[in-house]
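The next block holds one structure in the form of C-alpha cells; read it before the comments.
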Protein chains: 2
Amino acid sequence: MTSTTDLRPLDAPGRELLFTEARTSNTWSDTPVTDAQLHEIWDLARWAPSAANGQPLRVTFVRDAAGKERLLPHVAEGNQAKVSAAPVTAILAFDPEFHEHFPTTFPARGEMMRENFAGDAGMRAGVADYNAALQTGVLLLAVRSAGLAAGPMAGFDRAGVDAAFHAENGWRSQLLVNIGHPGEDPWFPRLPRLADETVLAWA
Amino acid sequence: MTSTTDLRPLDAPGRELLFTEARTSNTWSDTPVTDAQLHEIWDLARWAPSAANGQPLRVTFVRDAAGKERLLPHVAEGNQAKVSAAPVTAILAFDPEFHEHFPTTFPARGEMMRENFAGDAGMRAGVADYNAALQTGVLLLAVRSAGLAAGPMAGFDRAGVDAAFHAENGWRSQLLVNIGHPGEDPWFPRLPRLADETVLAWA
C-alpha cells in the first residue's frame, strides 16, 4: 500500500452551488459587476488544466455601452435582450498562436514545443479549440464560485464577432457568456439529463 | 432596479480544492475507487451546461485488469506507468450521433432539432467536440469534488482507442483521465500561468 495524500471532498452547499442546483440564468438584475469581480473569476479559472499547460483560452469582457453596441449585431436575435440586460458579456475565444507562449508556460521544453507546433496550423487550431473549451467548463464554475450567475450562449455569428473584436489579436470566438446577478424569474424549468446507460460504459 | 436572486460565493476551502490548490496527480495510491464513487462523480458532472442541452460527452470507466490491458498499447509511452498505476482510467469521448437524443434532452423542440442536425455530420462533430470538452472541464472539477484526484492525459492514439473501445457505439475519444487517490510525490512543480495582459481584453 503506497501512501495517500488525503483530499477532502467538497461540502454539500458547494456541490449545490456548482453542480446539482447550478442553473443558466436567463434574466439579469442591473446590479453592476465590478472589474475586481471579473479579476476574481479569472484568478480562479486560470488554474484550469490544459494540454502541456498551453492555456489557449482568451477572454474579452464587454461591459460598457459602446462594447455592447459593437457586439449586439452579431448576436442571434433570441439572445440580444439577454446581452443587453446583462452587466457583462464575456467573449470566450482561443488564440491560434498560443504556442508562441510555450517558453513561458512550459519552461523546461518551451522552445522545442513552440517549434513543434509552429508548422501545423490545423493541428494547433484543434488543440486550442479543445483545450479552451475545457478551460471554459472550469471558468463557468469559477463564475458561480464568485457568487455570480453565468449565461452561456452559442447562438452568435463567430466571424462577425471576430471581425468586430479580434481583428488585431487574431483570437477566434467560441462562446458568449453573460455574467451578473440573476433578475426576475431567471431559471427555465430544468431540462432532462441523459440516463446513465446512455452516457456511461464500463471496462 | 430589478430584483436579485442572491447566490452565495464558494468558501475558501472549496476554492482551494477546485481551483487555486488543485493539481494534476502524477502518481497513484493503490487505494481502490469504487463504482459508487464513479457514479458520485457523474451525478455531479451530469449537470454541466451544453449547447441546446445536447450533452455529447460519453465516458468509459476502465477499471479492471483486462480493460487496462486493452487500453495500454494505445497510450503514449510516457503515460503508460500512470495508467497502469491508477485504479481507474476514464476514456472521455463525444458521441457524433448525440443529436438522436434531442427528443429526450430538449423535449419542446426535440424532433425538429434532431432533424436539423441530421444532415450535417461535420457541423455535428464540431458541436459535439466543443461541448464535450466544456463538459469535461466540469467533470474534472467533479472528480475533485468527490475527494479524488484527476490526471488528464492527451497523449494517446485516438484511432487505436476508438477501435479497441468504441467499435460498437461509435464514440470518438478526446482525453484519458486517471482517477484515484494520489500516491507518493504526486505533484510536479506548479507550471506558470499566463499574465492577465496576455489573456484578458476589455471592451
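Ligands, DNA and RNA left out, the 1.4 Å accessible surface of the stretch A:3-67 is 55% carbon and sulfur atoms.
The label-point distance for A:ARG158 and A:THR20, in a model that sets each label 7 Å from Cα toward Cβ, rounds to 3.6 nm. Sparsely packed loop sites in the stretch A:115-203 (the trypsin sites (Lys or Arg not before Pro) outside DSSP H, G, I, E and B with at most 11 other Cβ atoms within 10 Å) comprise A:ARG190. In this rough spin-label picture, where each label sits 7 Å from Cα along the Cβ direction, the A:ALA12-B:MET112 distance is 4.1 nm.
Computed over the stretch A:23-183, the range of Cα coordinates on each principal axis works out to 49, 31, 23 Å, biggest value leading. When a/c is below 1.5 the answer is rounded, else prolate if a/b is larger than b/c, else oblate, so apply that to the protein assembly as shown with a ≥ b ≥ c taken from the square roots of the Cα gyration tensor eigenvalues. Rounded. Relative contact order for chain A: 33 percent, from Cα pairs under 8 Å spaced at least 6 residues apart, divided by residue count. 3J(HN,Hα) couplings calculated from phi for the stretch B:190-197 with the Karplus curve 6.51 cos²θ - 1.76 cosθ + 1.60 (θ = phi - 60°) are, in sequence order, 4, 7, x, 9, 5, 5, 3, 4 Hz; Gly and Pro show x. Where does the charge balance sit around A:PRO96 when Lys and Arg score +1, Asp and Glu -1, over other residues with C-beta under 15 Å from its C-beta? With Lys, Arg at +1 and Asp, Glu at -1, the net is -2.
Among residues other than A:LEU44 with Cβ under 14 Å from its Cβ, the summed charge is -1 (Lys and Arg +1, Asp and Glu -1).
Of the residues A:LEU38, A:ALA203, A:GLY110, the one whose Cα sits farthest towards the positive end of the charge dipole of chain A is A:ALA203 (charges of +1 on Lys and Arg Cβ, -1 on Asp and Glu Cβ, taken about the Cα centre). Mean-square fluctuations from a GNM of chain A, with a 10 angstrom spring cutoff on Cα atoms, peak among A:ALA36, A:ALA154, A:ALA128 at A:ALA36.
Annotation: per residue accessible area for chain A equals 40 Å², rounded to a whole number [probe 1.4 Å, protein chains only]. All other residues whose Cβ lies under 13 angstrom from that of A:ALA118 are scored, Lys and Arg at +1 and Asp and Glu at -1, for a net of -3. The Cα-based radius of gyration of the stretch B:11-94, divided by its Kirkwood radius, gives an Rg/Rh of 1.00.
The stretch B:62-96 and the stretch B:181-203 have their alpha-carbon centroids 25 Å apart.
Under the convention that each Lys and Arg Cβ holds +1 and each Asp and Glu Cβ holds -1, the size of the dipole of the stretch B:1-65 around its Cα centre is about 260 debye. Within straight-line reach of A:LYS68, meaning a Cα separation under 17 Å, sit the following aspartates and glutamates at least 8 residues removed in sequence or on another chain: A:ASP30, A:ASP35, A:GLU77, A:ASP157, A:ASP162. Amide H contacts of B:TRP28 (H built 1.01 Å from N, in plane; Pro and chain starts excluded): B:GLY183, B:GLU184 sit under 5 Å, all sequence-distant by 5 or more or on other chains. Plainly put, the tip 7 Å out from Cα toward Cβ on B:ALA159 is 3.1 nm from that tip on each other copy, the closest given first. Copy-to-copy label distances for B:HIS39, where each label lies 7 Å from Cα along Cα-to-Cβ, are 4.6 nm in order of increasing length. Annotation for A:PRO189, label-to-label distances across the other copies: 5.6 nm (shortest first, one decimal, point 7 Å from Cα along Cα→Cβ). Using just its DSSP H runs of length 4 or more, each adding -39500 (n - 2.57), chain A gives a mean residue ellipticity at 222 nm of -11500 deg cm²/dmol after division by all residues.
Extension gain, A:THR34 to A:ARG70, is 10.9 nm, computed as 0.36 nm per intervening residue step minus the present C-alpha separation.
Coupling constants for the stretch A:131-148 follow from the phi torsions by the Karplus curve (6.51 cos²θ - 1.76 cosθ + 1.60, θ = phi - 60°), and in residue order they are 6, 5, 5, 4, 4, 5, x, 5, 4, 4, 6, 5, 4, 5, 5, 7, x, 10 Hz; glycine and proline get x.
The values are calculated or read from the model by the stated rules, or taken from the named source; none is laboratory data. Nothing here was measured: the structure is a model prediction, and the numbers come from that model. Please note: Cβ atoms are built from the backbone with ideal geometry, for glycine as well, and neighbour counts cover all protein chains shown. Ligands, DNA and RNA are stripped out before the accessible areas are found, and what is left, the full protein with its side chains, is counted by its heavy atoms. Shrake-Rupley method; radii C 1.70, N 1.55, O 1.52, S 1.80 Å.
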